[in-house]
Each structure stands twice: as structure tokens, then as C-alpha cells.
Amino acid sequence: TMLTQGISRNYARGVERLEADESVEVLARASSGELNNAQGVPTLLQVSGQDLCQNKELAHEVFGPCAVIVRYESREEMLALARDLEGQLTATVQGTESDLEGYADLLSTLEGKAGRLIVNGYPTGVEVCHAMVHGGPFPATSDSGTTSVGSQAIFRFARPVCYQDFPQGALPAELRDENPLGIWRLLNGEFTRAAVGE
């Protein structure tokens with residue numbers, strides 16, 4: 001079930017757009033059964049790397065339970081496909097430790113394309129923790145320097161401002177030397193609640 005009927009309709013249109021391309025093969029589709037109008041029908045599609053290179057729109061995200069398998073002919077074609085990817089939230093690699101060593105160039109490429117790299121797992125579930133990153137290069141997110149989940153998400157809504165040579169009374173309370181709010185602050189590289197000069 002999708003969040004809204006509008007999202008569900010957009011999903012259905014996205015799948016229809018992909019299926020309309022002659023180079024795309026439908027591998028599997030769930031039965032629609034008794035689905036209500038806010039549910040997306042899971043669909044698995046396939047396209048060749050060559051066809052994807054000729055029609056980059058096939059790589060545009062369809063938000064919902066749809067996956068497109070891209071079959072490539074060679075290592076060089078796989079690397080070219082990875083280099084052509086737009087920004088992604090995640091990139092997943094399935095392989096052994098020796099595979100990862102042998103495909104370090106692929107991992108390096110994916111590092112520049114996604115905000116979260118996953119090995120032998122799946123990008124479901126976004127844990128709210130200090131280490132989580134849920135962001136990536138455009139168009140995955142509008143700001144690749146921040147995350148929308150986790151403790152660092154506050155920076156998505158913050159803009160740095162420097163108050164130079166302000167008198168104490170004109171500063172926001174959070175920045176005054178005496179720390180009237182008693183909050184934790186970063187002072188000379190260390191977190192403290194102390195007043196400046198103590």
C-alpha cells in the first residue's frame with residue numbers, strides 16, 4: 001500500500017511508461033487481486049545495457065515496488081552503465097570479499113553516485129541513528145551534503161551564519177558568552193555547557 005492514491009497513480013504511470021518501450025521485457029508481475037486504489041502492483045522488468053545506453057529515460061526512478069534488471073555484456077559495459085547513473089540514495093553490490101577487491105573501480109564509481117553503499121544486503125529500512133545517511137547526489141536529493149534521516153538531519157534545515165564583532169546583547173542567547181540557556185555548545189573544538197572564559 002502506498003502513502004497516497006496520487007503516489008500510486010504515479011507509480012502505475014511509471015510502470016506503463018517503461019513497459020511501452022519495445023526493449024523492455026516484463027519478467028514478472030504480481031496479481032492485482034483485490035487491491036485498493038492506493039496499492040502498487042509489484043513488477044519486475046528487464047532491459048539490455050545497450051538499450052539502456054540508447055534510452056537513458058529507462059533508468060529514471062519509478063517510486064514503488066518496481067525493479068529493472070539491466071543485463072550487460074562485459075565488465076567495460078557494466079562500468080560505463082555505472083558511470084552513467086544519476087544520483088541515487090543507495091547502491092547495492094552482491095559479492096564475495098575477493099569480488100569487492102576485483103571490482104574496486106565499480107565501488108569507487110558507485111561511491112560518487114549514492115549516499116549509502118550496501119554489500120550483500122538490501123536498502124530497505126532506514127534506521128534513525130548517528131551513522132545513517134539517507135541522501136545522495138542529485139536527483140536522489142536536492143542537497144547531497146545532508147541526510148534526511150539520522151542525527152545529522154538537522155543540518156538539512158540549518159544555514160550557517162557568522163556573527164562577527166557583535167556586542168553580547170545583540171547576539172542570539174545561544175551564542176552569548178555566559179550561555180544563559182545552559183545548552184551544550186562546541187567551544188574550541190570541545191562540547192561544554194560552560195561560559196566562555198570559565
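Can you tell me the dipole magnitude for segment 76-192 around its Cα centre, using point charges on the Cβ only (Lys, Arg +1; Asp, Glu -1), in Debye to the nearest 20?
520
Going toward the positive end of the dipole of the chain, with +1 on Lys and Arg Cβ and -1 on Asp and Glu Cβ, which of 145, 119, 69 do you reach last?
Value computed over the given set: 145.
Using +1 on the beta carbon of Lys and Arg, -1 on that of Asp and Glu, and nothing else charged, what's the dipole of segment 139-197 about the Cα centre, debye to 20?
Dipole about the Cα centre, nearest 20: 180 debye.
List every residue whose amide H lies under 5 Å from the amide H of residue 45, counting only residues 5 or more places away in sequence or on a different chain, with H placed 1.01 Å from N in the peptide plane.
Correct list: 27, 67, 68, 69.
Using the Karplus equation 6.51 cos²θ - 1.76 cosθ + 1.60 (θ = phi - 60°), what ³J(HN,Hα) coupling, rounded to whole Hz, does each residue of segment 4-11 give in order, writing x for Gly and Pro?
With the stated coefficients, segment 4-11 comes to 9, 5, x, 5, 5, 5, 4, 4 Hz.
Please arrange 72, 122 by accessible surface area, largest first, computed with a 1.4 Å probe and ligands excluded.
122, 72
Please list the non-local residues whose amide H lies under 5 Å from the amide H of residue 140, H modeled 1.01 Å from N, same-chain partners needing a gap of 5 or more.
For residue 140, the qualifying residues are 87, 88.
With an 8 Å cut-off on Cα pairs and a minimum separation of 6 or more residues, tell me the relative contact order of the chain in percent.
Value for the chain: 12 percent.
Please report the carbon-and-sulfur percent of the accessible area for segment 25-98; probe 1.4 Å, protein heavy atoms only, DNA, RNA and ligands left out.
49
Which Cα, out of 172, 92, 192, lies furthest along the positive dipole direction of the chain (beta carbon charges, K/R +1, D/E -1)?
Result: 172, furthest along the dipole toward the positive end.
What percent does the relative contact order of segment 10-67 come to when contacts are Cα pairs within less than 8 Å and at least six residues apart? Present the calculation step by step, with values, prior to reporting the outcome.
Working: 58 pairs, mean separation 22.3, N = 58.
Relative contact order, segment 10-67: 38 percent.
Using a Gaussian network model on the chain with a 10 Å cutoff between Cα atoms, which of 49, 87, 102 fluctuates the most?
Of 49, 87, 102, the most mobile in the Gaussian network model is 102.
For residue 83, what accessible surface area do you get with a 1.4 Å probe? Give it in Å², rounded to 10.
Probe radius 1.4 Å; accessible area of residue 83 about 130 Å².
Quick check for me: using +1 on Lys/Arg Cβ and -1 on Asp/Glu Cβ, what's the dipole size of the chain about its Cα centre, in debye to the nearest 20?
Using only the charged Cβ atoms, the result is roughly 620 debye.
Could you work out the relative contact order of segment 35-100, using alpha carbon pairs under 8 angstrom and six or more residues apart, expressed as a whole percent? Can you show the working numbers first?
Values: 42 pairs, mean separation 22.4, N = 66.
Over segment 35-100, the number comes to 34 percent.
Starting from the amide H of residue 187, placed 1.01 Å from N in the peptide plane, find each other amide H under 5 Å away whose residue is 5 or more places distant or on another chain.
For residue 187, the qualifying residues are 192.
Heavy-atom accessible area per residue, the chain, 1.4 Å probe: how many Å²?
68
Given only helices, namely DSSP H runs of n ≥ 4 each adding -39500 (n - 2.57), what is the per-residue ellipticity at 222 nm of the chain, to the nearest 500 deg cm²/dmol?
Only helices count here, giving -6500 deg cm²/dmol.
Quick check on segment 51-151: take the gyration tensor over C-alpha atoms, sort the square-rooted eigenvalues as a ≥ b ≥ c, and tell me if it's rounded (a/c under 1.5), prolate or oblate.
Oblate is the answer for segment 51-151, as a/c is 1.5 or above yet b/c matches or exceeds a/b.
Which GluC sites (Glu not before Pro) in segment 15-58 pass both tests, a DSSP loop state and at most 14 other beta-carbon atoms within 10 Å? Mind dumping the intermediate values first?
On the way: sites: 16, 19, 22, 25, 34, 57; in loops: 22, 34.
The qualifying sites are 22, 34.
The values are calculated or read from the model by the stated rules, or taken from the named source; none is laboratory data. In this text, all values refer to a predicted model and were calculated from it rather than measured experimentally. Reconstructed Cβ throughout: ideal geometry from the backbone, glycine too, with neighbour counts over all protein chains shown. SASA here: full protein model, heavy atoms, side chains in, ligands and nucleic acids out. Shrake-Rupley method; radii C 1.70, N 1.55, O 1.52, S 1.80 Å.
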